[in-house]
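**Q** Would you mind keeping the following structure in view while I ask a few things?
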């Protein structure tokens, strides 16, 4: 199984470390050509405006949109979730992958001073310590979307078929269970 | 469990999210928007860019809060601001404004010749400059959640940032190979806190993100610093003191991501117009150097 981590900007190294600790052939991906060689892709945390700008500039946005629509597994954390969202409560970034039927509000948990750690209950996983950094908030989920975890009544980990998205950063805590869950999605194709 | 805020995890966590990105100095809302559109991961809100601070002389202080608020309102990316070394009251003001990161910076005139700020007292994270590993260790021991090279700000001369990064890399190699008893001696000789050295030995790298800063003026400069192992790039005067800031900003963003791809670097380096007016750091007198402030 070969899983890519989008390496345009953000904490891709942390995702690669978790994947490699699970014995996965994990690749840092920065071009359209590299996308073709993968069984799944993680879009890391970072600045969504920066990652969106680079994705579009390198012609990767439409490629990802096409593959994602055909069942290619993608997991977006934080900025990655913003890029997967169909709707935003915000004008930026205008161009996204946009395949997941959710509405996301950027920086809705506040600025850095409001960034936080908290324990979550995740379906199929159990208790999970989560880190939220200037996190985006899911303010609407479509009927096709399964909520896997909530915090304060707000969804924070959601799945729609081959797409997984979280407001928090499992790559920052060294607990690989959310990554394992995604790898099972990849294994089932 | 209640939400925990202001932990070291969330402080260093934001720096992790900025990796592979470019943080740009801006002096107003208009520049901040240009930076955001060009792909900056954050902006540094300032009264003046370092080249102008250098030219003006006198005492350089924290920016007017109104200016910082104006910039915070203009963009959705994180906003950083600078306070003077040791000036914890300026830092308290910046925290009250809600900035996302504070740069306790040698570019401003130090307020305390003996001490840096005790950064553990704050919920807002701090980035600090360093010329070598012992200096980085001291800042981390004081609570810095992100490190940057000092370089020589406002010059457009990358040589000092290169020197600082190469020295840090060399010293990290020494720490990795040192035995436990040698670490104690290194700690004494270097004036570097032992617990931070132990952490560096265990991780094989700095425990926080390390960006390049001080003199970066071109896409090639950014690529050079990334290839030397920096996690990302600060560009101070290099963008808005150049002939075509928007174009140069985009080019430096591309160069920071594709630092290992000379073809992309060649493409983005083309036709950028004049870089910032630059001065060779080797020609500066000791009293003109910003990097020697704070240690």
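**Q** Let me spell it out: the conditions are (1) on the phi < 0 side of the Ramachandran plot; (2) within 11 Å of another protein chain (Cβ to nearest Cβ), and residue B:6 meets all of them except one. Which number is the exception?
**A** Here residue B:6 clears every test but (1).
**Q** Could you tell me whether any residue of region B:269-280 is at pLDDT 95 or above and within 14 Å of chain A (Cβ to nearest Cβ)?
**A** No, region B:269-280 has no match at all.
**Q** Take the residues in region B:13-47 that are assigned to a loop (DSSP other than H, G, I, E, B) and away from chain A (no Cβ under 11 Å); name whichever of them is farthest from residue B:215 (Cα to Cα). Break it down into steps so the answer makes sense when it comes.
**A** Step one: list which residues in region B:13-47 are assigned to a loop (DSSP other than H, G, I, E, B), which gives B:19-21, B:27-28, B:38-41, B:46-47.
Of the ones still in play, those that are also away from chain A (no Cβ under 11 Å) are B:27-28, B:46-47.
Working: B:27: 18, B:28: 21, B:46: 17, B:47: 19 Å.
Result: B:28.
**Q** Still on this structure, I have one more. What single numbered condition from (1) more than 7 Å from chain B (Cβ to nearest Cβ); (2) in contact with a helix residue (DSSP H, G or I) (Cβ under 6 Å, 6 or more places away or on another chain); (3) under 22 Å from residue B:232 (Cβ atoms); (4) surrounded by fewer than 21 Cβ atoms within 10 Å (Cβ to Cβ) fails to hold for residue A:58?
**A** For residue A:58, the failing item is (2).
**Q** Moving on to the next point. Looking at residue A:29 and the list (1) without any contact (Cβ under 8 Å) to a residue 60 or more places away in the chain; (2) in contact with a helix residue (DSSP H, G or I) (Cβ under 8 Å, 6 or more places away or on another chain); (3) surrounded by 24 or more Cβ atoms within 10 Å (Cβ to Cβ); (4) within 14 Å of another protein chain (Cβ to nearest Cβ), which single condition is not satisfied?
**A** Unmet condition: (3).
**Q** Please verify whether residue B:82 is part of a helix (DSSP H, G or I) and more than 14 Å from every other protein chain (Cβ to nearest Cβ), treating the condition exactly as stated.
**A** no
**Q** Taking only region B:48-76 into account, find how many residues are under 30 Å from residue A:106 (Cβ atoms), part of a helix (DSSP H, G or I) and in contact with a helix residue (DSSP H, G or I) (Cβ under 6 Å, 6 or more places away or on another chain).
**A** Residues that pass the stated criteria total 5.
**Q** Of these, A:79, A:85, which one is away from every other protein chain (no Cβ under 11 Å), touching a strand residue (DSSP E or B) at 6+ places or on another chain (Cβ under 9 Å) and surrounded by 24 or more Cβ atoms within 10 Å (Cβ to Cβ)?
**A** Selected residue: A:85, the only one of A:79, A:85 that is away from every other protein chain (no Cβ under 11 Å), touching a strand residue (DSSP E or B) at 6+ places or on another chain (Cβ under 9 Å) and surrounded by 24 or more Cβ atoms within 10 Å (Cβ to Cβ).
**Q** Specify which of the listed residues (B:144, B:161, B:91, B:153) is in a helix (DSSP H, G or I), under 16 Å from the mean Cα position of the chain (by Cα) and closer than 30 Å to residue B:70 by Cβ.
**A** Only one candidate qualifies: B:161.
**Q** Next question. How many residues does region B:62-97 contain that are surrounded by 21 or more Cβ atoms within 10 Å (Cβ to Cβ) and touching a residue at least 60 places away in the same chain (Cβ under 8 Å)?
**A** Looking only at that region, the number is 2.
**Q** Moving on. Can residue B:215 be described as within 17 Å of residue B:165 (Cβ to Cβ) and either at pLDDT below 95 or surrounded by 22 or more Cβ atoms within 10 Å (Cβ to Cβ) (or both)?
**A** Yes, satisfied.
Residue-wise test of (1) outside any loop (DSSP other than H, G, I, E, B); (2) more than 9 Å from every other protein chain (Cβ to nearest Cβ).
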| site | (1), (2) |
| --- | --- |
| A:98 | no, yes |
| A:104 | yes, yes |
| A:107 | no, no |
| A:117 | yes, no |
| A:124 | no, yes |
| A:131 | yes, no |
| A:140 | yes, yes |
| A:144 | no, yes |
| A:147 | yes, yes |
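Residue by residue, here is whether (1) under 24 Å from residue A:187 (Cβ atoms); (2) at pLDDT 95 or above; (3) not in a strand (DSSP E or B) holds:
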{"residue": "A:10", "(1), (2), (3)": "no, yes, yes"}
{"residue": "A:26", "(1), (2), (3)": "yes, yes, no"}
{"residue": "A:46", "(1), (2), (3)": "no, yes, yes"}
{"residue": "A:55", "(1), (2), (3)": "no, yes, yes"}
{"residue": "A:67", "(1), (2), (3)": "yes, yes, yes"}
{"residue": "A:80", "(1), (2), (3)": "yes, yes, yes"}
{"residue": "A:93", "(1), (2), (3)": "no, no, yes"}
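**Q** Quick check, is residue A:171 farther than 19 Å from residue A:14 by Cβ and either assigned to a strand (DSSP E or B) or within 14 Å of chain B (Cβ to nearest Cβ) (or both)? Explain how you work it out, then say what you get.
**A** Working: farther than 19 Å from residue A:14 by Cβ: no; either assigned to a strand (DSSP E or B) or within 14 Å of chain B (Cβ to nearest Cβ) (or both): yes.
No, not satisfied.
**Q** Specify the residue that is nearest to residue A:48 (Cα to Cα); the eligible residues are those in region A:2-26 that are surrounded by 15 or more Cβ atoms within 10 Å (Cβ to Cβ) and more than 14 Å from every other protein chain (Cβ to nearest Cβ).
**A** This residue is A:4.
**Q** Would you say residue B:288 is surrounded by fewer than 20 Cβ atoms within 10 Å (Cβ to Cβ) and either touching a strand residue (DSSP E or B) at 6+ places or on another chain (Cβ under 8 Å) or at pLDDT 95 or above (or both)?
**A** In short, no.
The values are calculated or read from the model by the stated rules, or taken from the named source; none is laboratory data. No experiment lies behind these values; they were computed from the predicted model shown. Methodologically, a virtual Cβ is constructed for each residue, glycine included, from the backbone with ideal geometry; neighbour enumeration extends over all protein chains shown.
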